[in-house]
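The values are calculated or read from the model by the stated rules, or taken from the named source; none is laboratory data. Given the structure is predicted, the values throughout are model-derived calculations rather than measurements. We place every Cβ from the backbone using ideal geometry, glycine too, and count neighbours over all the protein chains shown. Accessible surface is based on the protein model in full, side chains and every heavy atom, while ligands, DNA and RNA are left aside. Shrake-Rupley method; radii C 1.70, N 1.55, O 1.52, S 1.80 Å.
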Amino acid sequence: MRQSLHHLVPKLKGGKGGPVVRLHQICHNEIHATLTEGELARDYASIEALRAHPRLAKFIAWVIQRPPGFHSRTPGARRKR
């Protein structure tokens, strides 16, 4: 299964050297498709906050039904700016 490290506070927003979590690549892609670097730094700098975001919660409910090695392009529309 493809994995990557996610900086809870983006590196560009002061998170270099800060806490990181290992995520499935598809989940990491969805986080960055949903939230801006500023939003991540300001409001979503914890796993709990990420899980509480409505779009990410819906995505988690969807992806948890897939087999462990599942990977695809990030579904759905990209974030609105």
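Numbers below:
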{"quantity": "Per-residue [θ]222 nm for the chain (sum of -39500 (n - 2.57) over DSSP H runs n ≥ 4, rounded to 500)", "calculated": "-11000 deg cm²/dmol"}
{"quantity": "Accessible area in square angstrom per residue, the chain, 1.4 angstrom probe", "calculated": "68"}
{"quantity": "Quarter of the Cα convex hull surface for the chain, i.e. its orientation-mean projected area (nm²)", "calculated": "5.3"}
{"quantity": "Cα-based helix-to-principal-axis angle, 54-63 vs the chain, degrees rounded to 10", "calculated": "40"}
{"quantity": "Net +/- balance of residues flanking H7 in space, Cβ distance below 12 Å, scoring K and R +1, D and E -1", "calculated": "+3"}
{"quantity": "With Cα atoms, 0 to 90° folded angle of helix 25-34 axis to the chain main axis", "calculated": "60"}
{"quantity": "Accessible carbon and sulfur surface of the chain relative to its total accessible area, %, 1.4 Å", "calculated": "55"}
